[in-house]
Amino acid sequence: MTSTAAFWAQAAPGWITQADRQDEIGRPLGAVALDQLRARPGERILDVGCGCGGTTAEIARLVGPEGSAVGLDFAEEMVRAARKRFGLGPEFLVGDIEALEVVPGAPFDAAYSRMTLMLLSDPVAGLSTVRRSLRAGGRLAATVFRDGGANPWLPAAVRGAAPHVGPLPPMPAGDEPGPFAFADPARVTRILGAAGFNTITIEPHDVMLDAPDEPDIVAEWLIEVGPAGGAYRRAAPDAQRSARAGVAGLLEPFRRHGGYRLPSGLWSITAIA
Ligand SMILES: C[S@@+](CC[C@H](N)C(=O)[O-])C[C@H]1O[C@@H](n2cnc3c(N)ncnc32)[C@H](O)[C@@H]1O
């Protein structure tokens, strides 16, 4: 197992616990790409790095019973959870997008990805698989984070929890896979071009994540879907309580009008195979 696969395997239980919350609060993170995907009834669409399957299920509704939505993720436990959450309808496969020649079931009419491409160890390899899995002229629509300045709340989940639940995996630097690895649009264009895509567009898109005014719940959601999630789950209840309080303290500037408002700066990416 690669180190990123091992990371996601240990993160899976937290993502599964938080799956409904992630789908609800995190929906704006992928909505623009879902619009740009322009999924039509009858199409076959791939969801790359589908996690617990919420976006694949949305795509399945758009393509209807004549079409098909296939979610791919290398975290087996998340794929099992996705199947359990959504039953028949969307299809879920375990697989590493960077290692496959093509995704089983190819060719697809389009591919979608929410908040995954910047986490690939070898994004050219992963996106080459996506391109080979699309029919000629097939569409890609995806979102990734821009830089840390556009997502100022994001480090809170690690900084607030780390003193209580460490040790944590080292923070990614520069182009290493991580939340801000696709911050530079010129790099993203180079990666997509090297993977064989053309007609590439990369547009900034700002969204607001609205979370309820429940500090403990919001802090736990962000910890469990972040790099501190595994250490948090292994920590004693006292340390977990302190971690949640630490994160909630750092999120205080984002608490207003009866809830949390977390501004997120994305790139919305489209390309043609
Ligand atoms: C940040 S999560 C996003 C999950 C989901 N798209 C969402 O928005 O809720 C990234 C997902 O990508 C998956 N992933 C990362 N690298 C992968 C790879 N090489 N092949 C398949 N899945 C991968 C992880 O297991 C994880 O579920």
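The values are calculated or read from the model by the stated rules, or taken from the named source; none is laboratory data. Source: prediction; values computed, not measured. Note that we place each Cβ from the backbone using ideal geometry, even for glycine, and neighbour counts take in every protein chain shown. For accessibility, only protein heavy atoms count, side chains too; no ligands or nucleic acids. Shrake-Rupley method; radii C 1.70, N 1.55, O 1.52, S 1.80 Å.
Looking at Leu127, is it more than 9 Å from the ligand (Cβ to nearest atom), crowded, with 24+ Cβ neighbours inside 10 Å and on the phi < 0 side of the Ramachandran plot? For Leu127, the condition - more than 9 Å from the ligand (Cβ to nearest atom), crowded, with 24+ Cβ neighbours inside 10 Å and on the phi < 0 side of the Ramachandran plot - is met.
Being assigned to a loop (DSSP other than H, G, I, E, B) and more than 9 Å from the ligand (Cβ to nearest atom) is the filter here; which residues of segment 67-81 pass it?
Gly67
Here Gly138 meets the list (1) touching a strand residue (DSSP E or B) at 6+ places or on another chain (Cβ under 6 Å); (2) at pLDDT below 90 almost entirely, failing just condition (2).
Mind checking which residues of segment 18-31 are in a helix (DSSP H, G or I) and open to solvent by 20 Å² or more (accessible area, probe 1.4 Å)? Once the filter is applied, which keeps residues that are in a helix (DSSP H, G or I) and open to solvent by 20 Å² or more (accessible area, probe 1.4 Å), segment 18-31 yields Asp20, Arg21, Gln22, Asp23, Glu24, Pro28, Ala31.
Residues of segment 242-259 include none that is in contact with a Ser or Thr (Cβ under 6 Å, 6 or more places away or on another chain) and under 30 Å from Ala6 (Cβ atoms).
One line per residue, one yes/no per condition, for (1) outside any strand (DSSP E or B); (2) within 12 Å of the ligand (Cβ to nearest atom):
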| residue | (1), (2) |
| --- | --- |
| Cys50 | yes, yes |
| Ala57 | yes, yes |
| Ala60 | yes, no |
| Pro65 | yes, no |
| Arg83 | yes, no |
| Ala99 | yes, yes |
| Ala110 | no, no |
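Of the residues making up segment 174-206, those that are surrounded by 15 or more Cβ atoms within 10 Å (Cβ to Cβ) and part of a helix (DSSP H, G or I) are Pro185, Val188, Thr189, Ile191, Leu192.
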